[in-house]
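Taking it in order: structure first as C-alpha coordinates, then the write-up.
The values are calculated or read from the model by the stated rules, or taken from the named source; none is laboratory data. Treat the numbers as computed from the prediction; the structure is a model and nothing was measured. Heads up, the Cβs are rebuilt from the backbone with ideal geometry, glycines too, and the neighbour counts pull from every protein chain shown. The accessibility values were calculated without ligands, DNA or RNA, using every heavy atom of the protein model including side chains. Shrake-Rupley method; radii C 1.70, N 1.55, O 1.52, S 1.80 Å.
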Amino acid sequence: MGRVGTALRELRGAQKSAKGVSLYSRFVNRPVGRYLAAGSYALGLTPNQVTLISAALSFAAVALVAVAAPSWGLGIAVWAALALGFAFDSADGQLARLRGGGSAAGEWLDHVVDCAKLTALHSCVLVAFYRFPEAYGTGSAGWLLVPLGFQLAAVVTYFGGLLTEKLKAAPAPGSPAGQPSALRAVALLPVDYGVFCLVFLLLGGGRLFACAYAVFGAVAALFLAAFLAKWFRELSAVRR
(Lines give C-alpha, C1' and ligand atoms only; values in the text may rest on other atoms or scores of the structure.)
Protein backbone atom coordinates (compact mmCIF):
# COMPACT_ATOMS: atom_id res chain seq x y z
CA MET A 1 0.00 0.00 0.00
CA GLY A 2 2.94 2.31 0.65
CA ARG A 3 4.12 2.07 -2.94
CA VAL A 4 0.59 2.70 -4.21
CA GLY A 5 0.24 5.82 -2.06
CA THR A 6 3.61 7.14 -3.16
CA ALA A 7 2.77 6.47 -6.79
CA LEU A 8 -0.57 8.27 -6.49
CA ARG A 9 1.10 11.35 -5.01
CA GLU A 10 3.64 11.45 -7.83
CA LEU A 11 0.98 10.90 -10.48
CA ARG A 12 -1.11 13.84 -9.29
CA GLY A 13 1.70 16.13 -10.39
CA ALA A 14 2.38 14.30 -13.66
CA GLN A 15 -0.94 14.61 -15.45
CA LYS A 16 -1.31 15.69 -19.07
CA SER A 17 -3.02 18.98 -19.88
CA ALA A 18 -6.82 18.95 -19.64
CA LYS A 19 -7.10 21.17 -22.72
CA GLY A 20 -9.28 19.58 -25.39
CA VAL A 21 -10.43 16.79 -23.06
CA SER A 22 -14.06 16.03 -22.29
CA LEU A 23 -15.46 16.04 -18.76
CA TYR A 24 -15.70 12.23 -18.72
CA SER A 25 -12.04 11.69 -19.56
CA ARG A 26 -10.94 14.44 -17.21
CA PHE A 27 -12.98 13.57 -14.14
CA VAL A 28 -13.70 9.85 -14.57
CA ASN A 29 -11.33 8.00 -16.89
CA ARG A 30 -8.06 9.71 -15.96
CA PRO A 31 -8.63 9.46 -12.18
CA VAL A 32 -9.56 5.77 -12.48
CA GLY A 33 -6.54 5.27 -14.73
CA ARG A 34 -4.38 6.95 -12.09
CA TYR A 35 -5.37 4.34 -9.48
CA LEU A 36 -4.82 1.53 -11.99
CA ALA A 37 -1.40 2.97 -12.88
CA ALA A 38 -0.43 3.16 -9.20
CA GLY A 39 -1.55 -0.43 -8.63
CA SER A 40 0.29 -1.59 -11.74
CA TYR A 41 3.42 0.19 -10.54
CA ALA A 42 3.19 -1.56 -7.18
CA LEU A 43 2.86 -4.92 -8.97
CA GLY A 44 5.88 -4.21 -11.15
CA LEU A 45 3.95 -4.17 -14.44
CA THR A 46 5.36 -2.37 -17.47
CA PRO A 47 3.36 0.15 -19.55
CA ASN A 48 3.26 -2.31 -22.46
CA GLN A 49 1.77 -4.99 -20.20
CA VAL A 50 -0.91 -2.52 -19.10
CA THR A 51 -1.63 -1.73 -22.76
CA LEU A 52 -2.11 -5.44 -23.43
CA ILE A 53 -4.49 -5.73 -20.45
CA SER A 54 -6.50 -2.87 -21.96
CA ALA A 55 -6.52 -4.67 -25.31
CA ALA A 56 -7.62 -7.98 -23.78
CA LEU A 57 -10.58 -6.37 -21.98
CA SER A 58 -11.66 -4.36 -25.02
CA PHE A 59 -11.42 -7.20 -27.53
CA ALA A 60 -13.21 -9.61 -25.19
CA ALA A 61 -16.07 -7.11 -24.95
CA VAL A 62 -16.38 -6.54 -28.70
CA ALA A 63 -16.27 -10.29 -29.36
CA LEU A 64 -19.23 -10.75 -26.99
CA VAL A 65 -21.23 -8.21 -29.00
CA ALA A 66 -20.72 -10.25 -32.16
CA VAL A 67 -21.31 -13.77 -30.83
CA ALA A 68 -23.93 -13.41 -28.07
CA ALA A 69 -27.62 -12.65 -28.42
CA PRO A 70 -28.47 -9.25 -26.95
CA SER A 71 -29.60 -9.11 -23.31
CA TRP A 72 -29.42 -6.68 -20.41
CA GLY A 73 -26.82 -8.85 -18.69
CA LEU A 74 -24.69 -8.88 -21.82
CA GLY A 75 -24.93 -5.10 -22.00
CA ILE A 76 -23.63 -4.68 -18.47
CA ALA A 77 -20.74 -7.08 -19.10
CA VAL A 78 -19.79 -5.40 -22.40
CA TRP A 79 -19.94 -1.90 -20.94
CA ALA A 80 -17.89 -2.88 -17.86
CA ALA A 81 -15.15 -4.50 -19.97
CA LEU A 82 -15.03 -1.59 -22.41
CA ALA A 83 -14.97 1.03 -19.65
CA LEU A 84 -12.27 -0.81 -17.70
CA GLY A 85 -10.27 -1.32 -20.89
CA PHE A 86 -10.51 2.44 -21.54
CA ALA A 87 -9.29 3.17 -18.01
CA PHE A 88 -6.29 0.85 -18.50
CA ASP A 89 -5.66 2.71 -21.77
CA SER A 90 -5.23 5.85 -19.68
CA ALA A 91 -3.17 4.00 -17.09
CA ASP A 92 -0.42 2.86 -19.47
CA GLY A 93 0.64 6.43 -20.29
CA GLN A 94 0.46 7.49 -16.65
CA LEU A 95 2.54 4.49 -15.64
CA ALA A 96 5.11 5.37 -18.31
CA ARG A 97 5.43 8.90 -16.92
CA LEU A 98 5.71 7.51 -13.40
CA ARG A 99 8.58 5.28 -14.50
CA GLY A 100 10.44 8.19 -16.07
CA GLY A 101 9.00 8.36 -19.58
CA GLY A 102 7.69 6.06 -22.27
CA SER A 103 9.29 4.65 -25.38
CA ALA A 104 8.58 5.03 -29.08
CA ALA A 105 7.65 1.35 -29.23
CA GLY A 106 5.24 1.76 -26.33
CA GLU A 107 3.52 4.74 -27.96
CA TRP A 108 3.31 2.79 -31.23
CA LEU A 109 1.72 -0.19 -29.47
CA ASP A 110 -0.78 2.03 -27.69
CA HIS A 111 -1.91 3.69 -30.93
CA VAL A 112 -2.11 0.41 -32.86
CA VAL A 113 -4.27 -1.13 -30.13
CA ASP A 114 -6.54 1.92 -30.05
CA CYS A 115 -7.03 1.86 -33.82
CA ALA A 116 -7.66 -1.89 -33.85
CA LYS A 117 -10.15 -1.50 -30.98
CA LEU A 118 -12.17 1.13 -32.83
CA THR A 119 -12.21 -0.91 -36.03
CA ALA A 120 -13.17 -4.15 -34.27
CA LEU A 121 -15.90 -2.55 -32.15
CA HIS A 122 -17.93 -1.23 -35.07
CA SER A 123 -17.21 -4.36 -37.13
CA CYS A 124 -18.69 -6.49 -34.35
CA VAL A 125 -21.79 -4.28 -34.12
CA LEU A 126 -22.20 -4.84 -37.87
CA VAL A 127 -21.94 -8.60 -37.32
CA ALA A 128 -24.48 -8.40 -34.47
CA PHE A 129 -26.96 -6.46 -36.62
CA TYR A 130 -26.57 -9.13 -39.33
CA ARG A 131 -26.79 -12.17 -37.01
CA PHE A 132 -29.65 -10.97 -34.79
CA PRO A 133 -31.86 -8.79 -37.04
CA GLU A 134 -35.07 -9.63 -35.20
CA ALA A 135 -33.63 -8.82 -31.78
CA TYR A 136 -32.18 -5.47 -32.94
CA GLY A 137 -34.86 -4.61 -35.47
CA THR A 138 -32.20 -4.34 -38.16
CA GLY A 139 -33.73 -6.54 -40.85
CA SER A 140 -33.41 -3.80 -43.44
CA ALA A 141 -30.08 -3.87 -45.31
CA GLY A 142 -29.72 -0.14 -44.70
CA TRP A 143 -29.00 -0.79 -41.04
CA LEU A 144 -25.76 -2.53 -42.00
CA LEU A 145 -24.49 0.77 -43.39
CA VAL A 146 -24.77 2.42 -39.96
CA PRO A 147 -21.79 0.61 -38.33
CA LEU A 148 -19.76 1.08 -41.53
CA GLY A 149 -20.39 4.83 -41.51
CA PHE A 150 -19.71 5.06 -37.78
CA GLN A 151 -16.47 3.12 -38.22
CA LEU A 152 -15.35 5.47 -40.99
CA ALA A 153 -16.05 8.55 -38.87
CA ALA A 154 -14.33 7.08 -35.80
CA VAL A 155 -11.17 5.92 -37.57
CA VAL A 156 -10.73 9.09 -39.63
CA THR A 157 -11.25 11.23 -36.52
CA TYR A 158 -8.67 9.18 -34.61
CA PHE A 159 -6.09 9.22 -37.41
CA GLY A 160 -6.75 12.87 -38.31
CA GLY A 161 -6.28 13.99 -34.73
CA LEU A 162 -3.01 12.09 -34.35
CA LEU A 163 -1.63 13.38 -37.64
CA THR A 164 -2.62 16.96 -36.86
CA GLU A 165 -0.72 16.84 -33.57
CA LYS A 166 2.36 15.51 -35.39
CA LEU A 167 2.25 18.21 -38.07
CA LYS A 168 1.41 21.22 -35.90
CA ALA A 169 4.23 23.46 -34.78
CA ALA A 170 5.55 22.49 -31.35
CA PRO A 171 4.98 25.11 -28.64
CA ALA A 172 7.99 27.17 -27.68
CA PRO A 173 9.97 25.77 -24.73
CA GLY A 174 8.70 27.15 -21.45
CA SER A 175 5.45 28.47 -22.93
CA PRO A 176 2.44 28.07 -20.60
CA ALA A 177 -0.02 25.29 -21.33
CA GLY A 178 -3.38 26.33 -22.72
CA GLN A 179 -6.22 26.56 -20.24
CA PRO A 180 -9.02 24.00 -20.58
CA SER A 181 -12.41 25.29 -21.66
CA ALA A 182 -15.41 24.11 -19.64
CA LEU A 183 -17.71 24.68 -22.63
CA ARG A 184 -15.47 22.60 -24.91
CA ALA A 185 -15.21 19.87 -22.27
CA VAL A 186 -19.01 19.58 -22.21
CA ALA A 187 -19.34 19.84 -26.01
CA LEU A 188 -16.93 16.94 -26.51
CA LEU A 189 -18.93 14.55 -24.32
CA PRO A 190 -20.94 13.05 -27.26
CA VAL A 191 -17.72 11.94 -28.98
CA ASP A 192 -15.87 10.78 -25.87
CA TYR A 193 -15.20 7.03 -26.12
CA GLY A 194 -16.11 6.50 -22.47
CA VAL A 195 -19.51 8.15 -22.94
CA PHE A 196 -20.10 6.15 -26.13
CA CYS A 197 -19.44 2.91 -24.22
CA LEU A 198 -22.54 3.65 -22.11
CA VAL A 199 -24.74 2.90 -25.14
CA PHE A 200 -23.93 -0.80 -24.75
CA LEU A 201 -25.92 -0.83 -21.50
CA LEU A 202 -28.93 -0.71 -23.84
CA LEU A 203 -28.08 -3.99 -25.59
CA GLY A 204 -31.02 -5.68 -23.89
CA GLY A 205 -33.33 -3.13 -25.47
CA GLY A 206 -32.63 -4.46 -28.96
CA ARG A 207 -34.04 -1.78 -31.28
CA LEU A 208 -33.42 0.84 -28.55
CA PHE A 209 -29.71 0.04 -28.70
CA ALA A 210 -29.67 0.18 -32.50
CA CYS A 211 -31.33 3.60 -32.53
CA ALA A 212 -29.06 5.01 -29.80
CA TYR A 213 -26.01 3.64 -31.62
CA ALA A 214 -27.19 5.28 -34.86
CA VAL A 215 -27.61 8.63 -33.07
CA PHE A 216 -24.03 8.43 -31.75
CA GLY A 217 -22.89 7.58 -35.28
CA ALA A 218 -24.62 10.62 -36.74
CA VAL A 219 -23.08 12.85 -34.07
CA ALA A 220 -19.65 11.36 -34.78
CA ALA A 221 -20.05 12.21 -38.49
CA LEU A 222 -21.02 15.82 -37.68
CA PHE A 223 -18.08 16.24 -35.33
CA LEU A 224 -15.74 14.74 -37.93
CA ALA A 225 -16.75 17.43 -40.44
CA ALA A 226 -16.12 20.13 -37.83
CA PHE A 227 -12.78 18.62 -36.78
CA LEU A 228 -11.58 18.32 -40.39
CA ALA A 229 -12.34 21.98 -41.07
CA LYS A 230 -10.61 23.04 -37.84
CA TRP A 231 -7.51 20.88 -38.42
CA PHE A 232 -7.12 21.99 -42.04
CA ARG A 233 -7.38 25.63 -40.99
CA GLU A 234 -4.76 25.17 -38.26
CA LEU A 235 -2.34 23.31 -40.52
CA SER A 236 -2.78 25.85 -43.34
CA ALA A 237 -1.07 28.36 -41.07
CA VAL A 238 1.93 26.10 -40.40
CA ARG A 239 5.10 27.04 -42.31
CA ARG A 240 7.17 24.05 -43.40
Compute the acute angle (0 to 90°) between the alpha-carbon long axis of helix 104-131 and the principal axis of greatest extent of the alpha-carbon atoms of the chain; round to the nearest 10°. 10 degrees
Calculated log₁₀ intensity ratio I(q)/I(0) where the Debye formula runs over C-alpha points of the chain, q = 0.13, 0.14, 0.16 Å⁻¹: -0.87, -0.99, -1.23
Measure nothing fancy, just the Cα-based angle from helix 30-43's long axis to the longest principal axis of the chain, in degrees from 0 to 90, nearest 10. 70 degrees
Set of aspartates and glutamates with alpha-carbon distance to Lys117 below 20 Å, sequence-local pairs under 8 removed: Asp89, Asp92, Glu107, Asp192
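Rank these by accessible area, largest first, 1.4 Å probe: Arg239, Arg34, Arg207.
Arg239, Arg207, Arg34
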Estimated Rh, region 104-169: Kirkwood, alpha-carbon pairs, angstrom: 13.4 Å
Kindly report, to the nearest 10 Å², the accessible surface of Phe159 as traced by a 1.4 Å probe over protein heavy atoms only. 130 Å²
What's the extension gain from Arg26 to Arg233 if we count 0.36 nm per residue and subtract their Cα-Cα distance? 71.9 nm
Can you list the aspartates and glutamates whose alpha carbon is less than 14 Å from that of Lys230, not counting same-chain residues fewer than 8 positions off? Glu165
If I stretch the segment between Tyr35 and Leu189 completely, what's the gain in nm (0.36 nm per residue apart, minus their alpha carbon distance), one decimal? 53.2 nm
Identify the residues of region 36-64 with backbone N under 16 Å of a label point that sits 7 angstrom from the Cα of Arg131 along the Cα-to-Cβ direction, or state none. 59-64
Any idea how far apart Leu148 and Leu201 come out in nm if each label point goes 7 Å out from Cα toward Cβ? 3.2 nm
Going by accessible area, probe 1.4 Å, with all protein chains left in place, what is the ranking of Leu162, Leu74, Leu152, largest first? Leu152, Leu162, Leu74
From the protein chains alone at 1.4 Å, what is the descending order of accessible area for Glu107, Glu234, largest first? Glu107, Glu234
Quick calc: nm separation of the 7 Å Cα→Cβ label points for Ser140 and Trp108 -> 4.6 nm
